[in-house]
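One structure below.
The values are calculated or read from the model by the stated rules, or taken from the named source; none is laboratory data. Worth saying up front: this structure is predicted, and the values here are computed from it rather than measured. All Cβ positions, even for glycine, are placed from backbone atoms using ideal geometry, and neighbour counts span all protein chains on display. Heavy atoms of the whole protein, side chains included, go into the accessibility calculation; ligands, DNA and RNA do not. Shrake-Rupley method; radii C 1.70, N 1.55, O 1.52, S 1.80 Å.
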Amino acid sequence: MLANARVAARLPAQDLERARRFYADKLGLEPAEERPGGLLYRFANGEFALYASAGSAPGTFTQMGFEVDDLDAVVTELRRRGVVFEEVDVPGLETTEGIAEVQGNYASKGGKGERAAWFRDSEGNMLGFGQPLR
């Protein structure tokens with residue numbers, strides 16, 4: 001039933017205009033659609049929406065991730081734009097300069113793991129970038 005469905009993430013924003021500026025200035029993204037209370041961003045293989053919400057994002061786990069081909073280049077460019085990446089040091093997961101190598105039973109393409117980095121958007125949503133290990 002869901003085999004042909006497309007995954008589409010939804011992220012809350014307490015201040016939609018502040019979120020729009022963050023996604024434009026820091027990530028270089030512009031909405032493909034705008035409606036009262038929401039912004040829709042489309043990509044070649046998916047989409048996500050920001051929606052006005054009085055609730056706050058927990059920011060304690062990855063709410064949405066982007067798969068990239070060159071994690072180092074993405075992290076370097078986004079740092080240049082002012083994005084602050086999370087430093088993590090918990091059993092089984094540690095970042096070095098904002099990047100972790102996640103192996104073992106972590107679900108990934110090819111089953112070998114991925115290199116990953118996480119940051120929070122202007123609304124406190126935890127977002128991640130991952131590059132599959134080959």
If you take the residues in the range 91-107 that are in a loop (DSSP other than H, G, I, E, B) and of a type in the set (S, T, N, Q), which one is modelled with the lowest pLDDT?
105
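Go through the range 54-75 residue by residue and tally those that are out of contact with any Gly (no Cβ under 9 Å at 6 or more places or on another chain) and open to solvent by less than 90 Å² (accessible area, probe 1.4 Å).
Residues flagged as out of contact with any Gly (no Cβ under 9 Å at 6 or more places or on another chain) and open to solvent by less than 90 Å² (accessible area, probe 1.4 Å) within the range 54-75 amount to 5.
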List every residue pair whose Cβ atoms sit under 6 Å apart, with the two residues 6 or more apart in sequence or on different chains, where the first one lies in the range 3-18 and is closer than 10 Å to residue 50 by Cα and the second, anywhere, is loosely packed, with under 12 Cβ neighbours inside 10 Å.
12/55
Among the residues of the range 119-130, is any open to solvent by 70 Å² or more (accessible area, probe 1.4 Å) and either polar (S, T, N, Q) or not in a strand (DSSP E or B) (or both)?
no
Quick check on the range 108-118. Is at least one of its residues touching a strand residue (DSSP E or B) at 6+ places or on another chain (Cβ under 8 Å), surrounded by 14 or more Cβ atoms within 10 Å (Cβ to Cβ), at pLDDT 85 or above and among the polar types (S, T, N, Q)?
no
Taking the range 3-48 and keeping only residues that are under 16 Å from residue 128 (Cα atoms), among the small types (Gly, Ala, Ser) and at pLDDT 95 or above, one is left with 28
Taking the conditions exactly as written (hydroxyl-bearing (Ser, Thr, Tyr) and either within 12 Å of the chain's Cα centre (by Cα) or at pLDDT 90 or above (or both)), does residue 51 satisfy them or not?
yes
